[in-house]
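The values are calculated or read from the model by the stated rules, or taken from the named source; none is laboratory data. All of these numbers come straight from a predicted model, not from anything done at the bench. Reconstructed Cβ throughout: ideal geometry from the backbone, glycine too, with neighbour counts over all protein chains shown. The protein model used for the area step is the full one, side chains on, heavy atoms only, and it has no ligands, DNA or RNA in it. Shrake-Rupley method; radii C 1.70, N 1.55, O 1.52, S 1.80 Å.
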Amino acid sequence: MTTGTAHLRAPGEALLRVEHLVVTFPAGRGRTVQAVSDVSFDVLPGETLGIVGESGCGKSSMGRATVLMPPPRSGSVIFEGRDLTALHGEELRRTRRRIQMIFQDPISSLNPRRRVGDIVTEPMAIWNKGGPKERAARAREVFEAVGLDYDAVAGRRPHEFSGGQCQRISIARALVLDPKLLICDEPVSALDVSVQAQILNLLEDAKARFGLSLVFIAHDLGVVKNVSDRVAVMYLGRLCEVAPAEDLYRAPAHPYTRALLDAVPVPDPAARPAESDPALGGEFPSPLAPPSGCRFRTRCPLATGRCATEEPRLHEVRPGRHVACHHA
Amino acid sequence: MTDQAPLLKVVGLKTFFHTPRGIVRAVDGVSFELAGDRTLAILGESGSGKTVLARSIMGLLPRSGVTRQGSVLYKGENLAEMGERELRRRRGADIAMVFQDPMTSLNPVHRIGRQVGETIRLHRRVSRGEARRRSVTLLRSVGIPDVERRARQYPHQLSGGMRQRVMIAMALACDPGLVLADEPTTALDVTAQDQILTLLAAQRARRSMGLLLVTHDLGVAAGRTDEIAVMYAGRIVEQAPTERLFAAAKMPYTEALMKSIPKLSDPPHTRLAAIPGRPPDLVDPGPGCAFAPRCRYSAARCAREAPPLRTIPGTRHRYACWHPVGGES
């Protein structure tokens, strides 16, 4: 079973092309749970792909499998023309360092016992890049790019910084090896709203300055729209819809995308649904026993008999617009 | 609201924590009123004092290392002067609370039905059987499907959204006049959040309760509330009817908060108006306006002297600022 690859662009164009990715985890008593079920996506140079979905949809597992942490059960991850899943040892490490990750909890993703300057220069030491002078110069450059003063912060430890500042340090650490692709897994969801905007602006600036592509995984639809060129919506290990950000938000085609957008609390009292019903009823089905056919059908207002027997594939409904639904 | 006594009236509430670093002024002189049958959102970022405010109203504070001043009048009676025994009778029966994390607020080793039934039996003299019948009715009214089976399950067998429904059922068990919901949907996904907010609003209307909704999310505060009080550094810095606050915010912090949020209506890559710096330390806050160091309108007076909370004549809109957005009115 597959939801298809119709939404992928030409292999030569993409910086990253992930095909038929399957991620499984043991679920006890000999069972396995499929967190990601045959998902394909690609990212062009300079593009930001946003991945949205609710918790348990497999978006984080997908992000992590892209850097083979842990490796996917099956599927290929083609980065700069090479399939990472076919590489081993030194060659894998060398290729993979051009992809860096930023995590949700900025404080726990920094070693509390190390000085911030060392945390950021260590990747260069591991890769034997340049001498102490070059490393210090590069560290200065990335600290400046994330809005921190190297001389003031290098000697201090993570606990001396706020969550927002720790996220800046994580971004500096990710940038220091000159990556092409950043995978950001909920990078602002642990931050206060007033700080969140600083980090989102910073990621946009870093992307332009260092020529990066981004995979931006988040549950907050407003945040994803703000940073993304293209958005993929996930539900229970599958893609529902892939579209340019503007189009997806203006006219969601998949019933799940529509429900998600309707459920977002909008900071505008005029938009409030006074006594209305919730946008989406029911509960997430168990990923151990996903529904047959379309996985969203158990909660879908449009579901018919066909949805239970035949899994919809992603197909192009308008140029650049792909939806996995029989009724879209 | 002036012609009848408010359901809840908080006057000059201060809650200070004594820590090795000094005195943390978590709630620093908060006053507001809430009429029965209304919803007031307390909006603030982490560290603004909103959760301590809610706990302080309920008297749920640590036994030592805390000073609390001011009064909390519920239907005219001062909760702040009541002893622990008296307060216990009130909690749950008159004022109920819904917390952020339903997993840690439910007892993991007791079945759902029993926990709801216990809440009823704690405050009402009813038999076990009657308590069980009432808890099943309650669980059904908060939208739990297949109630008879669910009531026999343990908290870990339910999803986050379902657990929060159970918490709401427990809060409603004794028909309280006021519910304090502290970030009730923060641990939930958007679709579950939407379900829970809808449920809270429907129950509030049906039971004519007052609802105090503590949240950091401007979107959550905007929907289904009558008024919003914005907190910053332990104080209310602006309060207005919801529509008015969004149409004509006076306090620069409120304005900045609204502008810093990515909006669904803005095109991708819209530059966000970030608020520089970060929320202040509540130890030794200094004499001036706490927002002044991050404020684009701040002037010399802002650092010297804290602005009082004043009400715009003829309105329910009050704000604390020397240089309000759009000038004095």
Amide H contacts under 5 Å for residue A:24, placed H, 5+ residues apart = A:35, A:73
Probe 1.4 Å, all protein chains present, accessible-area order of B:182, A:149, A:83, largest first = A:149, A:83, B:182
Residue A:126 versus residue B:243, label points 7 Å from Cα toward the beta carbon: distance in nm?
-> 5.7
Estimated FRET transfer efficiency (residue B:124, residue A:80; beta-carbon r; R0 60 Å; 0.05) = 0.30
Gaussian network model of chain B, Cα springs within a sub-10 Å range: biggest mean-square fluctuation belongs to which of B:273, B:201, B:249?
-> B:273
Name the residues whose placed amide hydrogens come within less than 5 Å of the amide hydrogen of residue B:231, ignoring near sequence neighbours (fewer than 5 apart) on the same chain.
-> B:43, B:44, B:237
Which of A:180, A:225, B:75 is most accessible, then next, and so on - probe 1.4 Å | B:75, A:180, A:225
Please give the per residue volume of the convex hull enclosing the alpha carbon atoms of segment A:196-241, rounded to a whole number of Å³.
-> 78
Gyration tensor on Cα atoms of chain A, a ≥ b ≥ c root eigenvalues, a/c under 1.5 rounded, else prolate if a/b beats b/c, else oblate, says prolate
Contact order normalised by residue count of chain A, Cα under 8 Å, 6+ apart, percent | 22
Once amide hydrogens are built 1.01 Å from N within the peptide plane, the residues lying 5 or more places from residue A:234 or on another chain with amide H under 5 Å from its amide H are A:52, A:53, A:240
Using 1/(1 + (r/R0)^6) with R0 = 30 angstrom and r between the beta carbons of residue A:189 and residue A:91, what's the FRET efficiency to the nearest 0.05?
-> 0.30
Among chymotrypsin sites (Phe, Trp or Tyr not before Pro) in segment B:254-329, those in a DSSP loop whose Cβ has at most 16 other Cβ atoms within 10 Å are B:297
Toy charge model, Lys and Arg Cβ at +1, Asp and Glu Cβ at -1: the protein assembly as shown dipole around Cα centroid in debye, rounded to 20, equals 1720
Excluding same-chain residues fewer than 8 positions from residue A:129, which aspartates and glutamates have a Cα within less than 20 Å of its Cα?
-> A:90, A:91, A:118, A:141, A:144, A:178
Nearest 10 degrees, 0 to 90: what angle lies between the long axis of helix B:190-207 and the longest principal axis of chain B (Cα atoms)?
-> 80
Between residue B:5 and residue B:269, what is the spin-label point distance in nm, taking each point 7 Å from the Cα along the Cα→C-beta axis?
-> 6.2
With springs connecting C-alpha atoms under 10 Å apart, model chain B as a Gaussian network and identify which of B:73, B:199, B:264 has the largest mean-square fluctuation.
-> B:264
To the nearest 20 debye, segment B:2-98 has a Cα-centred charge dipole, built from +1 on Lys and Arg Cβ and -1 on Asp and Glu Cβ, of 400
Calculated from DSSP helices alone, with each H run of at least 4 adding -39500 (n - 2.57) and the total divided by the residues of chain A, [θ]222 nm to the nearest 500 comes to -9000 deg cm²/dmol
Within segment B:113-135, whose backbone N sits under 20 Å from a point 7 Å along Cα→Cβ of residue B:85?
-> B:122-125
Heavy-atom accessible area of residue A:161, protein chains in place, probe 1.4 angstrom, given in Å² to nearest 10, is 10
Calculate what fraction, in whole %, of the accessible area of segment B:121-197 sits on carbon and sulfur atoms when a 1.4 Å probe is rolled over the protein chains.
-> 46
³J(HN,Hα) across segment A:25-34 via Karplus (A = 6.51, B = -1.76, C = 1.60, θ = phi - 60°), whole Hz, x for Gly/Pro?
-> 10, x, 10, x, 6, x, 8, 10, 10, 8
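Round to the nearest 0.05 the FRET efficiency obtained for residue A:10 and residue A:152 when R0 = 51 Å and r is the Cβ-Cβ distance.
Computed FRET efficiency for residue A:10 and residue A:152: 0.60.
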Considering the options B:76, B:64, A:100, tell which one lies farthest towards the positive end of the dipole of the protein assembly as shown, charges being +1 on Lys and Arg and -1 on Asp and Glu at the Cβ, about the Cα centre.
-> B:64
Placing +1 at every Lys and Arg Cβ and -1 at every Asp and Glu Cβ, with all other atoms neutral, what dipole size does segment A:124-196 have around its Cα centre, in debye to the nearest 20?
-> 360
Tell me which lysines have Cα within less than 19 Å of residue B:14's Cα, excluding those fewer than 8 residues away on the same chain?
-> B:50
With θ set to phi - 60°, apply the Karplus curve 6.51 cos²θ - 1.76 cosθ + 1.60 along segment B:22-37 and write out the HN-Hα couplings as whole Hz, x wherever there is a Gly or Pro.
-> x, 8, 8, 8, 5, 10, 10, x, 10, 10, 6, 10, 9, 7, x, 6
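Classify the protein assembly as shown from the C-alpha gyration tensor, please: rounded if a/c falls under 1.5, else prolate or oblate depending on whether a/b exceeds b/c.
oblate
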Charge dipole of segment B:97-234 about the Cα centre (unit charges at C-beta), most positive-ward option of B:225, B:112, B:213 | B:112
Counting only heavy atoms of the protein chains, get the accessible area per residue of chain A (1.4 Å probe) and round it to a whole Å² value.
-> 40
Highest GNM mean-square fluctuation, chain A, Cα pairs closer than 10 Å: which of A:88, A:20, A:219?
-> A:88
Label-to-label distance, nm, for residues given as residue A:310 and residue A:114 (7 Å Cα→Cβ offset) | 5.4
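Taking square-rooted eigenvalues a ≥ b ≥ c of the alpha carbon gyration tensor, is segment A:237-290 rounded, prolate or oblate, where a/c under 1.5 means rounded and, failing that, a/b exceeding b/c means prolate?
Cα axes put segment A:237-290 in the oblate bin.
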Is there a pair in B:75/B:259; A:59/B:250; A:59/B:263 whose C-alpha atoms are over 29 Å apart, and which pairs would that be?
-> B:75/B:259; A:59/B:250
